[in-house]
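Report on the structure given below.
The values are calculated or read from the model by the stated rules, or taken from the named source; none is laboratory data. Everything numeric here is computed off the predicted structure, so don't read it as measured data. Cβ placement follows ideal geometry from the backbone for every residue including glycine, while neighbour counts extend to all protein chains displayed. All accessible areas refer to the heavy atoms of the entire protein, side chains included, with ligands and DNA or RNA removed. Shrake-Rupley method; radii C 1.70, N 1.55, O 1.52, S 1.80 Å.
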Amino acid sequence: MNKRTISCETTDSFACDDYNEEEPKMCKLDQAKTYKGLVGIYVDESTITYIDGLKGELYYRGYPLHDLVNNSSFEEVAYLLIYGRLPTKSEFSSFQDELIKERNIPDNVLTILKSFPRNTTRIELLRTSVSALSLYDPDDYDFSEEANIRKGIRIIAKIPTVLAFSHRIQGNLPLIEPSDDLSHACNYYFMMTGEVPNNEFTRYFDKILICHMDHSINSSTFSCRVTVSTLSDMYSGITSAIGTLRGPLHGGANERVMNSILGEIKKKDNAIPWAKSKLENKEKIMGFGHRVYKTWDPRAKILREISRELWSNPEIVEKIPDLQHEEHKEDIDNIFEITEILTDFMIKTKNIYPNVDFYSAGALHALGIPTSLFTPLFAASRSAGWVAHAIEQLSDNKLIRPRLRYIGELDKKYVNVDER
Ligand code: COA
């Protein structure tokens, strides 16, 4: 076998800072360490979100997450993420109006939604629909920052409508048109479930959305930034991000948490044996672990309290407005208590903490959100962060194009197909 060491010849066409002039003519970058999974690598600088993974702290534009959760709304945090500062009263009011005005989706996109096969995951429907929405955006091929912000606002406003419509189409339920009078969280809940939530439910729902709105350069945001860094467009960035978020190692974990609880664990006494058998089989337990946090994920802490409040209120637990819950409620113990047992077990035995997806699952279930809409809901919230990151990336763009160390053979001899 004619095999040679991988090297980069320093010919004139390769003469640049990356390449060594000296023998053995290895590319300087090829001699560098490989960072599998880009663990610990900073790809750029940002002023959007700060995470302290050791202390378990999270800030959006310098504001601690818990302050925003307690005092703000989805719309205000979206403004903060996109424009970098909190809005004045009048800025806030016109931003709210813009979001409301953009809630409807084009008839042609609705027609496409109706044509999709049944039993498709809602997140796949969303990914495909956001891609389709790009073809109807009035700003079209205007790639200025102002147009990008307008496109971003349209995407953020339309995602809940796409999700609610696709969910109801798939379930043969009548469509509920967006309302002009309700807040983003309230309208989103209303279109999905058909019920206008009371103030308590709206507030819980809004808090859950805020917890998911940004998280620095997580995998989906990275995808979004990579896509726009090629000077592609905002819709392509968000479509890439949705496709990335879908995976169970990222935003797809929340649905798996709930499916495990409803379909496998069911009773408190089963929680530890279930977790032990997963670990013995070297399987991951969804909703635990994080690339950046080595302690409590601050979002999980907030969502844990929301879940605790919801599941300790008998009036709420008795009347969870969801068909899936109706089906399971006789066989299932209190979901918050099951999650607490798993948390205690994972921290004590593995020193691995719950992440955002673990407690959001129980909280959303208590609010009557169908499990199939958990990952899409993550996307609906995170859309604000993706838009902010796309705009930041383009404000000082550098094509994101890392290297991949080739470790295969070279100079192999081509063999004609008849001789193989
Ligand atoms: N269940 C069981 N073990 C876990 C675990 C989990 N949820 N998360 C991490 N671990 C273990 C790994 O098995 C590994 O152990 P080892 O060193 O003995 O092989 C170690 O902890 C490090 O995990 P690793 O997967 O290499 O870390 P990562 O930084 O690459 O991955 C996640 C981070 C989030 C992908 C990972 O924790 C995971 O898969 N979690 C479950 C999916 C999930 O909840 N995703 C949502 C994230 S917000």
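Would you confirm whether any residue within segment 283-297 is buried (at least 16 other Cβ atoms within 10 Å of the Cβ) and under 29 Å from G171 (Cβ atoms)?
The answer is yes; a qualifying residue exists.
Restricting attention to segment 35-70, and to residues there that are charged (D, E, K, R) and not in a loop (DSSP other than H, G, I, E, B), which single residue is surrounded by the fewest Cβ atoms within 10 Å (Cβ to Cβ)?
The first filter runs over segment 35-70 and keeps only residues charged (D, E, K, R), leaving 36, 44-45, 52, 55, 57, 61, 67.
Next cut, not in a loop (DSSP other than H, G, I, E, B) only: 36, 52, 57, 67.
Numbers: K36: 7, D52: 13, E57: 15, D67: 11.
It comes out as K36.
Would you point out which residue out of Y359, Y353 is within 16 Å of the ligand (Cβ to nearest atom), under 24 Å from the mean Cα position of the chain (by Cα), hydroxyl-bearing (S, T, Y) and farther than 30 Å from E327 by Cα? Write out each step before concluding.
Numbers: Y359 fails: farther than 30 Å from E327 by Cα.
After ruling out the rest, the residue left standing is Y353.
If I ask for residues that are closer than 21 Å to L54 by Cα and either basic (K, R) or open to solvent by 100 Å² or more (accessible area, probe 1.4 Å) (or both), which ones from segment 298-319 would you list?
Once the filter is applied, which keeps residues that are closer than 21 Å to L54 by Cα and either basic (K, R) or open to solvent by 100 Å² or more (accessible area, probe 1.4 Å) (or both), segment 298-319 yields R299, K301, R304.
Any residue in segment 369-378 that is under 30 Å from T47 (Cβ atoms), away from the ligand (no atom under 13 Å from the Cβ) and open to solvent by less than 10 Å² (accessible area, probe 1.4 Å)?
Yes: segment 369-378 contains one or more residues that are under 30 Å from T47 (Cβ atoms), away from the ligand (no atom under 13 Å from the Cβ) and open to solvent by less than 10 Å² (accessible area, probe 1.4 Å).
From the residues in segment 231-260 that are within 12 Å of the ligand (Cβ to nearest atom) and assigned to a helix (DSSP H, G or I), which one is farthest from K284 (Cα to Cα)?
Result: L245.
Since V228 meets every condition but one in (1) touching a Gly at 6+ places or on another chain (Cβ under 7 Å); (2) within 11 Å of the ligand (Cβ to nearest atom), which condition does it not meet?
The failed condition is (2).
Can we say Y204 is open to solvent by 10 Å² or more (accessible area, probe 1.4 Å), over 30 Å from E305 (Cβ atoms) and out of contact with any Ser or Thr (no Cβ under 9 Å at 6 or more places or on another chain)?
Details: open to solvent by 10 Å² or more (accessible area, probe 1.4 Å): yes; over 30 Å from E305 (Cβ atoms): no; out of contact with any Ser or Thr (no Cβ under 9 Å at 6 or more places or on another chain): yes.
No: the conditions fail for Y204.
Tally up the residues in segment 320-357 that are in contact with a Pro (Cβ under 9 Å, 6 or more places away or on another chain), crowded, with 19+ Cβ neighbours inside 10 Å, among the polar types (S, T, N, Q) and over 12 Å from I265 (Cβ atoms), please.
1
Name the single residue that is nearest to F358 (Cα to Cα) among those in segment 243-298 being in contact (Cβ under 8 Å) with a residue 60 or more places away in the chain and aromatic (F, W, Y).
F288
Consider I332 carefully, then state whether it is assigned to a loop (DSSP other than H, G, I, E, B) and under 19 Å from P248 (Cβ atoms). I'd like the intermediate steps shown before the answer.
Numbers: assigned to a loop (DSSP other than H, G, I, E, B): yes; under 19 Å from P248 (Cβ atoms): no.
No: the conditions fail for I332.
Tell me which residues, restricted to segment 267-291, are in a loop (DSSP other than H, G, I, E, B) and more than 8 Å from the ligand (Cβ to nearest atom). Walk me through how you get there before you give the answer.
Start the filter on segment 267-291 by keeping residues that are in a loop (DSSP other than H, G, I, E, B), which leaves 267, 281-287, 289-291.
Correct list: K267, N281.
I need the full set of residues from segment 224-260 which are open to solvent by 10 Å² or more (accessible area, probe 1.4 Å), of a type in the set (G, A, S) and over 13 Å from S383 (Cβ atoms), in order please.
Result: S232, S236, G243, G247, S260.
Run Q96 past the list (1) more than 27 Å from E255 (Cα to Cα); (2) of a type in the set (S, T, N, Q); (3) loosely packed, with under 14 Cβ neighbours inside 10 Å and report the number of the one that doesn't hold.
(3)
Take the conditions touching an Asp or Glu at 6+ places or on another chain (Cβ under 7 Å) and within 11 Å of the ligand (Cβ to nearest atom) and apply them to N218. Does it pass? Show your work before the answer.
Details: touching an Asp or Glu at 6+ places or on another chain (Cβ under 7 Å): no; within 11 Å of the ligand (Cβ to nearest atom): yes.
Criteria not met by N218.
How about segment 123-150: which of its residues are within 19 Å of the chain's Cα centre (by Cα) and of a type in the set (K, R)?
Once the filter is applied, which keeps residues that are within 19 Å of the chain's Cα centre (by Cα) and of a type in the set (K, R), segment 123-150 yields only R127.
To keep it simple, each residue is scored yes or no on (1) of a type in the set (A, V, I, L, M, F, W, C); (2) in contact (Cβ under 8 Å) with a residue 40 or more places away in the chain; (3) crowded, with 18+ Cβ neighbours inside 10 Å; (4) over 23 Å from G247 (Cα atoms).
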| site | (1), (2), (3), (4) |
| --- | --- |
| T111 | no, no, no, yes |
| P117 | no, no, no, no |
| T121 | no, yes, no, no |
| V130 | yes, yes, yes, no |
| I156 | yes, yes, yes, no |
| P160 | no, yes, yes, no |
| F165 | yes, yes, yes, no |
| L173 | yes, no, no, yes |
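If E264 meets every condition in (1) within 12 Å of the ligand (Cβ to nearest atom); (2) part of a helix (DSSP H, G or I) apart from one, which number is that one?
Status for E264: all satisfied but (1).
What number of residues within segment 379-420 satisfy the criterion of being aromatic (F, W, Y) and open to solvent by less than 90 Å² (accessible area, probe 1.4 Å)?
Here is the first cut: in segment 379-420, the ones aromatic (F, W, Y) are 386, 406, 414.
So of that shortlist, the ones also open to solvent by less than 90 Å² (accessible area, probe 1.4 Å) come out as 386.
The total comes to 1.
I'm checking my understanding of the structure. Among residues of segment 292-316 that are closer than 14 Å to G362 by Cα and out of contact with any helix residue (DSSP H, G or I) (no Cβ under 6 Å at 6 or more places or on another chain), which one is nearest to the ligand (Cβ to nearest atom)?
K301
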